[in-house]
Amino acid sequence: MVTAITASKLYEARWWETLPNGKLHCYLCPRHCHIGEGLTGFCFIRKNIGGKLYNLGYAQPAAIQIDPIEKKPLNHFLPGTKILSLGTAGCNMGCFFCQNWDISKSKSDQVSSNHLEPEAAVLAAIEYDCPSLAFTYNEPTIWGEYVIDIARVAHEMGLRTVMVTNGYITREALHDIYDHIDAANVDLKAFTEDFYSKMTLTHLQPVLDVLKMLRKESSVWIELTTLLIPALNDSPDEIKKLCGWILQNLGDDVPLHFTAFHPDFKLRDKPHTPPETLHRARHIAMDMGLKYVYEGNIVSEGANTICPGCRRVIVKRSWHAVSDVRINTDGTCQFCGYKISGYFKKPVMPSRGAIRVLRERVEAVQGADRVI
Ligand code: SF4
């Protein structure tokens with residue numbers, strides 16, 4: 001499948017500057033770490049070596065998998081297709097409830113990883129008939145240099161690119177990365193600063209700012225996910241405030257996924273989210289006017305896409321499996337013609353000749369030194 005080589009190469013990072021005290025200032029995310037010689041930032045994978053910042057996650061994925069795109073979750077972007085998904089070690093948030101903590105809370109030398117150059121990642125996607133690639137599992141912002149290089153090759157080959165992200169990125173870096181991205185699922189983990197500061201060790205406002213920037217200053221298709229954790233962020237009042245903000249700032253056609261929590265990492269004392277909590281949240285959101293609201297991590301009718309025009313099921317799902325799509329490639333409902341927001345036209349996969357050229361590039365980069 002994915003061609004791996006063993007040699008690991010250091011890749012110099014972007015988005016940093018040297019401070020008067022000799023430390024390095026990383027301005028990729030709102031943490032703005034000041035990093036001393038030999039140390040890494042909060043995310044573990046951006047390291048000061050000899051006065052230069054390096055990205056230890058570059059071409060070093062710790063997880064590579066073929067997923068249904070519904071698992072990201074994205075329900076309005078190429079529904080029913082497969083997506084090659086990869087992630088590295090580290091994260092810039094400190095979520096107590098992280099469900100991928102085995103890699104997100106690890107340093108790059110604490111996880112087993114393959115060396116995978118951007119060209120090889122895209123070739124693997126093509127060989128597995130995936131029309132898109134996802135940067136996911138941990139926070140892809142922190143390996144943004146690798147994201148950009150993979151996305152460039154993916155777009156050359158006609159494939160699409162997806163970020164699954166916590167939205168914790170600075171304005172300075174946002175356009176550099178998202179100019180290469182077609183769709184994103186952004187976590188809106190709660191709607192209180194108290195939750196963000198205590199449960200994620202970050203802040204709410206920068207995430208809200210990023211959501212507005214993505215909606216208003218980019219062409220990236222966005223969907224939102226809120227993991228509902230009993231007694232922490234699932235009150236009807238908080239759900240109403242969250243939905244009201246979405247309606248006012250992003251519009252009524254941004255899909256919102258309410259997903260169920262399971263006890264994990266540092267939040268093992270909390271119960272699983274009852275299905276009734278998801279049903280209640282979904283009804284609140286739809287009653288307030290959001291058009292596309294989903295329930296995830298449970299088996300539920302709330303996984304289906306309902307046409308806002310005729311109220312018929314136009315994408316039938318069971319968990320992540322899609323059994324019926326009644327949306328035309330131009331996004332119109334096959335029953336009533338209502339225009340469904342999203343992207344429904346599968347890209348044309350590259351020709352045999354283009355794949356042969358890409359394979360030659362993979363062989364060439366495997367034999368070459370990148371940036372040391
Ligand atoms: S990306 Fe990592 S090193 Fe840079 S500011 Fe964020 S947490 Fe710190």
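The values are calculated or read from the model by the stated rules, or taken from the named source; none is laboratory data. Values in this document were obtained by computation on a predicted structure and should not be read as measured data. Neighbour counts run over all protein chains shown; Cβ positions are idealised from the backbone, glycine included.
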Discussion item. Can you find a residue that is under 13 Å from C91 (Cα atoms) and either within 11 Å of the ligand (Cβ to nearest atom) or more than 26 Å from the chain's Cα centre (by Cα) (or both) anywhere in the range 46-53?
Written reply: yes
Worksheet item: Say we look at the range 329-366 and pick out the residues that are of a type in the set (D, E) and not in a loop (DSSP other than H, G, I, E, B); which of these is farthest from L78 (Cα to Cα)?
Response: E363
Worksheet item: So which strands (runs of 3 or more DSSP E) are wholly in the range 40-85 and hold at least 1 residues that are modelled with pLDDT under 95?
Response: 63-68
Item to complete: Would you please name the residue that is farthest from P61 (Cα to Cα), looking only at residues in the range 89-140 that are more than 16 Å from the ligand (Cβ to nearest atom), among the acidic types (D, E) and buried (at least 22 other Cβ atoms within 10 Å of the Cβ)?
Response: E119
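Can you tell which of L201, L188 is of a type in the set (A, V, I, L, M) and at positive phi?
Values: L188 fails: at positive phi.
One residue alone meets the criteria, L201.
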Worksheet item: Which of the residues spanning the range 330-364 are in contact (Cβ under 8 Å) with a residue 24 or more places away in the chain and aliphatic (A, V, I, L, M)?
Response: I340, V348, M349, A354, I355, L358, V362
Practice prompt. Residues being within 23 Å of the chain's Cα centre (by Cα) and of a type outside the set (A, V, I, L, M, F, W, C): count how many of those fall in the range 332-356.
Written response: 6
Item to complete: Could you list all residues from the range 87-96 that are under 17 Å from the mean Cα position of the chain (by Cα) and not in a strand (DSSP E or B)?
Response: T88, A89, G90, C91, N92, M93, G94, C95
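Do we have any residue at all in the range 154-165 that's within 16 Å of the ligand (Cβ to nearest atom), touching a strand residue (DSSP E or B) at 6+ places or on another chain (Cβ under 6 Å), within 30 Å of A231 (Cα to Cα) and part of a loop (DSSP other than H, G, I, E, B)? Please lay out each step first, then the result.
Restricting attention to the range 154-165, the residues satisfying the condition of being within 16 Å of the ligand (Cβ to nearest atom) are 163, 165.
Add one more test, that the residue is touching a strand residue (DSSP E or B) at 6+ places or on another chain (Cβ under 6 Å), and what stays is 163, 165.
Cutting the leftovers down to within 30 Å of A231 (Cα to Cα) gives us 163, 165.
When the remaining residues are screened for being part of a loop (DSSP other than H, G, I, E, B), the result is none.
No, because not a single residue in the range 154-165 is within 16 Å of the ligand (Cβ to nearest atom), touching a strand residue (DSSP E or B) at 6+ places or on another chain (Cβ under 6 Å), within 30 Å of A231 (Cα to Cα) and part of a loop (DSSP other than H, G, I, E, B).
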Practice prompt. State all residues of the range 220-279 that are of a type in the set (K, R) and closer than 19 Å to F97 by Cα; if no residue qualifies, say none.
Written response: K266, R268, K270
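Residue by residue, here is whether (1) crowded, with 20+ Cβ neighbours inside 10 Å; (2) under 30 Å from A303 (Cα atoms) holds:
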residue: H25; (1), (2): no, no
residue: C29; (1), (2): yes, no
residue: H32; (1), (2): no, no
residue: N75; (1), (2): yes, yes
residue: K82; (1), (2): no, yes
Item to complete: Kindly establish whether T81 is over 20 Å from T136 (Cα atoms), in contact (Cβ under 8 Å) with a residue 24 or more places away in the chain and β-branched (V, I, T).
Response: no
